[in-house]
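Colleague: If you scroll down you'll find the structure; I have some questions about it.
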Amino acid sequence: MVYDTGRCRDWAAGGVMTDLLARARAGDGDAFGQLAEPHRRELQLHCYRLLGSVQDAEDVLQDALLAAWRGLSGFEERSTLRAWLYRVATNHCLNALRTARRRPAAAWPLPTVEPPEPSRMGEVTWLEPYPDALIDDIAAAPPSPDVRYELTEAVSLAFVTALQLLPPRQRAVLILRDVLGYHASEVAEMLGTTVESVTSALKRARASISRHQQRREPAPLAGSPAEQELVSQLVHAYQNGDVETLTALLTDDVVVAMPPVPFEYCGRDLAAQFYATITFRQGRRYDLVPTRANGQFAYGVYLRDPAGGARRAEGLRVLTLAGNRIGGMTRFDSSLLPRFGLPLSLPGGGSASE
């Protein structure tokens with residue numbers, strides 16, 4: 001007798017799934033954990049896109065999974081468990097956005113140093129970077145005609161920033177439809193609304209995203225020689241306080257931002273002024289430690305001690321590359337460095353890149 005091994009595997013997987021569901025519905029937390037764990041990373045990324053904060057995403061997802069376990073009787077198996085978990089997580093995020101207090105913009109952190117006049121005040125002041133280490137384990141979704149954004153684009157700082165400008169329900173619809181590829185009818189069921197409402201919200205969300213996203217040349221591929229060459233030039237200029245060379249690496253329309261401080265400096269000239277008068281003031285020098293965030297090259301910045309003492313963290317910088325230039329540099333607070341496996345200080349001595 002010849003067995004269809006594929007069918008056997010499918011039957012076995014289905015049998016395991018049925019057993020785990022039965023146990024989880026009976027109150028077995030370990031069984032539910034086995035069901036949910038394969039989806040945890042992608043659900044956390046989903047919550048991050050909606051909330052713009054890694055910490056908030058972790059907290060809300062934890063609550064959502066607990067609610068999903070307790071409400072597992074509501075999973076009628078008309079959809080996949082993955083889709084049902086997305087439904088629970090999405091609605092928990094929407095509830096969090098509905099009840100959250102708006103976080104205020106931060107004040108300029110250097111009261112004794114006068115900053116250059118910014119080009120504008122950023123509309124999104126509360127935003128955190130997302131470690132690539134949390135993205136690497138997420139398998140790419142199978143191609144779908146409803147997916148408009150690849151994983152790297154859909155987690156970029158520019159895209160996540162633009163998402164935060166949308167009303168929460170539009171934000172959810174855009175992510176569920178254009179990023180995850182769910183059909184309008186599935187999204188309508190997830191959000192407890194109509195297909196017509198989903199279609200209308202998606203149309204408005206797409207128009208808003210298109211207005212707010214800056215059109216730039218594609219970035220070099222991650223880890224490619226082109227990316228490495230550009231980053232190497234940047235690191236050399238930054239560590240040597242070479243404002244002229246650093247500025248030459250920027251695009252004409254570069255944007256320097258520093259959430260939650262709302263100041264944004266647009267254009268090469270203003271960026272050069274900011275670096276000369278703030279970043280490298282009084283001969284300050286730094287060492288850089290590479291990492292990746294939001295699918296983009298990033299680095300921890302450490303201020304050198306002229307006396308040779310410990311080098312303290314001065315934040316995380318995330319680069320937006322455009323062709324063979326740098327189109328954006330966003331500074332985040334040093335408190336986020338541990339999420340990227342980076343310390344809050346380095347021992348005294350030579351360059352961290354040596």
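Colleague: Under 17 Å from the 7 Å Cα→Cβ point of Ser335, by amide nitrogen: which residues of the range 102-129?
Modeller: Only 102-110, 125-129 fall inside the zone, counting backbone N under 17 Å.
Colleague: Right, another one. Let me know the charge dipole size of the range 225-346 about its Cα centre in debye, to the nearest 20, where only the beta-carbon of Lys, Arg (+1) and Asp, Glu (-1) is charged.
Modeller: Here the size comes out at about 420 debye.
Colleague: Next question. Mind checking the full-extension length gain between Ser210 and Arg285? Use 0.36 nm per residue of separation minus the Cα-Cα distance, one decimal, nm.
Modeller: Answer, rounded to one decimal: 23.1 nm.
Colleague: Sort all Cα-Cα distances of the range 93-215 into consecutive 10 angstrom bins from zero, then give the percent of pairs in each bin up to the one containing the longest distance.
Modeller: 11, 35, 34, 14, 5, 1
Colleague: Continuing with this model, one more query. Placing +1 on the Cβ of each Lys and Arg and -1 on the Cβ of each Asp and Glu in the chain, which of Asn324, Gly267, Ala188 has its Cα farthest towards the positive end of the resulting dipole?
Modeller: The residue sitting farthest along the positive end of the dipole is Ala188.
Colleague: Placing +1 at every Lys and Arg Cβ and -1 at every Asp and Glu Cβ, with all other atoms neutral, what dipole size does the range 1-101 have around its Cα centre, in debye to the nearest 20?
Modeller: Approximately 280 debye in magnitude.
Colleague: Over all directions, how big on average is the projection of the convex hull of the alpha-carbon atoms in the chain, in square nanometres? Numbers along the way, then the final one.
Modeller: On the way: hull surface 88.6 nm².
Taking the Cα atoms of the chain, their convex hull projects to 22.2 nm² on average.
Colleague: Which loop-located GluC sites (Glu not before Pro) does the range 76-179 contain, where loop means any DSSP state but H, G, I, E or B and the Cβ has at most 13 other Cβ atoms within 10 Å?
Modeller: Numbers: sites: Glu76, Glu77, Glu123, Glu150, Glu153; in loops: Glu76, Glu77, Glu123, Glu150.
Answer by residue number: Glu76, Glu77, Glu123, Glu150.
Colleague: Taking Rh as the Kirkwood radius, which is the inverse of the mean 1/r over Cα pairs, what is the Rg/Rh value for the range 225-346?
Modeller: Reported Rg/Rh, Kirkwood definition of Rh: 0.93.
Colleague: If you average over every viewing direction, what projected area does the convex hull of the Cα atoms of the range 1-101 give, in nm²?
Modeller: The Cα convex hull of the range 1-101, projected and averaged over all directions, gives 7.6 nm².
Colleague: Taking the Cα-to-Cβ direction at Ile138 and at Arg103 and moving 7 Å from each Cα, how far apart do the two end points lie in nm?
Modeller: 1.8 nm
Colleague: Full extension from Asp253 to Gln62: what is 0.36 nm times the residue separation minus their Cα-Cα distance, to one decimal in nm? Kindly include the intermediate steps, with their values, before the conclusion.
Modeller: Working: separation 191, 0.36 × 191 = 68.76 nm, distance 4.01 nm.
Here the answer is 64.8 nm.
Colleague: Same structure again: Nothing charged except the Cβ atoms of Lys and Arg (+1) and of Asp and Glu (-1): what's the magnitude of the dipole of the chain about its Cα centre? Round to the nearest 20 debye.
Modeller: Roughly 760 debye, rounded to the nearest 20.
Colleague: Which distance in nm do the two modelled labels at Gln228 and Ser79 give, with both placed 7 Å along the Cα-to-Cβ direction?
Modeller: Output for this residue pair reads 4.4 nm.
Values in this text are rule-based calculations from the coordinates and carry no lab data. Here the structure is a predicted model, which means the values were calculated and not measured. Counting neighbours? That spans all protein chains shown, and the Cβs are built from the backbone with ideal geometry, glycine included.
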